[in-house]
Amino acid sequence: MDGKMGTSLVNVTINNIVDMLKNRNMQPGDKLPTVTEIAARFKVGNSTVREALKSLSTQNILVIRQGAGTFVSEKRGIGVDPLGLGPLGNDISTTFDMLTVRLILEPEIALIAAQKANLKNIKQINDLCVTVEELIKEGKDYDEEDNLFHTSIASASGNKIIHKITQIIHASIKKNIFITDNSLCQETIVAHRQIARAISVGDSVGAKNGMILHLNAQREYLLKNYDLQM
C-alpha cells in the first residue's frame, strides 16, 4: 500500500470513529473500545486505528491515556487558543473585553437553560456550584471548575452551537481570578447559588438576572481598580 492509500485509509477510519462517537452519543470522559475492537469493527489494521486515534487526539477530540485506554476529551475538539489571542489572553483589557462579550451572551444562555434544562443538567450545575464553593472555602484555585459551571449552563440550553461558543470563550482566556485578588469570592458563591437555584426551578428571569449581576460585578471591579480606556 502506498502513502496516499495509507493516508486515505487513516482518514476514512477517522471519519468512522467520529461517526461512532456520534451514533453512540459518547460524552466527555467516556471510554472508547480497544484498538483491536475498533480495527475489527472497521476492518482495518491496528496501526491504522492507532494513527487515526493519534490524529483525533491532536485535535483535542480524544485523549489517549497510556495503560488506561482512549477517552472522549473534555475539550471537544477545542484548541488551546481557539480565538488566537496568544499573550493577549492574560491582558487586563482583553479580560475586560471578554467580560463584555460574556455579558452579551451568557445571561440569555442562562435564561434558555432555565427553560430547557433536564434533571441531568440540573444535577451537574448544582454539583459544580457546590464544588466551586468548597474550593473557595478551602482557599484553593477554582478557575477550571468555575469555567465548567458556566459551560454546563450552556450545555443545559440544549443548543450545541451555544455550548461550543461558550467552550471556545472559556478556553480562549483565563478568568484571571488573581486579577480580582479573590475579592469576589463571596460574590461568586452567592451568584452561583442564585443562578443554579433559578435554573433548577425553571425561573428564566431569575437565571438571567443572576448571570448579569455575577458578570457585571467582575466588570465593575476591573473598571474600579484598573486604568481601562472606555
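The values are calculated or read from the model by the stated rules, or taken from the named source; none is laboratory data. From a predicted model like this one, the values you see are computed outputs, not experimental measurements. When we count neighbours, we look across all protein chains shown, and the Cβ atoms used for this are built from the backbone with ideal geometry, even at glycine. With ligands, DNA and RNA removed, areas are computed over all heavy atoms of the protein, side chains included. Shrake-Rupley method; radii C 1.70, N 1.55, O 1.52, S 1.80 Å.
Cβ-Cβ distances below 6 Å connect the following pairs, each with a first residue in segment 90-106 that is β-branched (Val, Ile, Thr), a second residue that is open to solvent by less than 60 Å² (accessible area, probe 1.4 Å), and a separation of six or more residues or different chains: Thr95/Asn176.
Determine whether Lys140 is part of a helix (DSSP H, G or I) and at pLDDT below 95. No. Which residues, counting only those in segment 60-74, are of a type outside the set (A, V, I, L, M), in contact with a helix residue (DSSP H, G or I) (Cβ under 9 Å, 6 or more places away or on another chain) and open to solvent by 40 Å² or more (accessible area, probe 1.4 Å)? Once the filter is applied, which keeps residues that are of a type outside the set (A, V, I, L, M), in contact with a helix residue (DSSP H, G or I) (Cβ under 9 Å, 6 or more places away or on another chain) and open to solvent by 40 Å² or more (accessible area, probe 1.4 Å), segment 60-74 yields only Glu74. Scanning segment 42-71 for residues being of a type outside the set (Ser, Thr, Tyr), touching a residue at least 12 places away in the same chain (Cβ under 8 Å) and under 16 Å from Asp19 (Cβ atoms) gives a total of 9.
Scan Pro82, Pro33 and give me the residue that is surrounded by 12 or more Cβ atoms within 10 Å (Cβ to Cβ) and at pLDDT 90 or above.
Matching residue, one of Pro82, Pro33: Pro33.
Within segment 196-211, being in contact with a Leu (Cβ under 7 Å, 6 or more places away or on another chain) and open to solvent by 50 Å² or more (accessible area, probe 1.4 Å) holds for one residue alone: Lys208.
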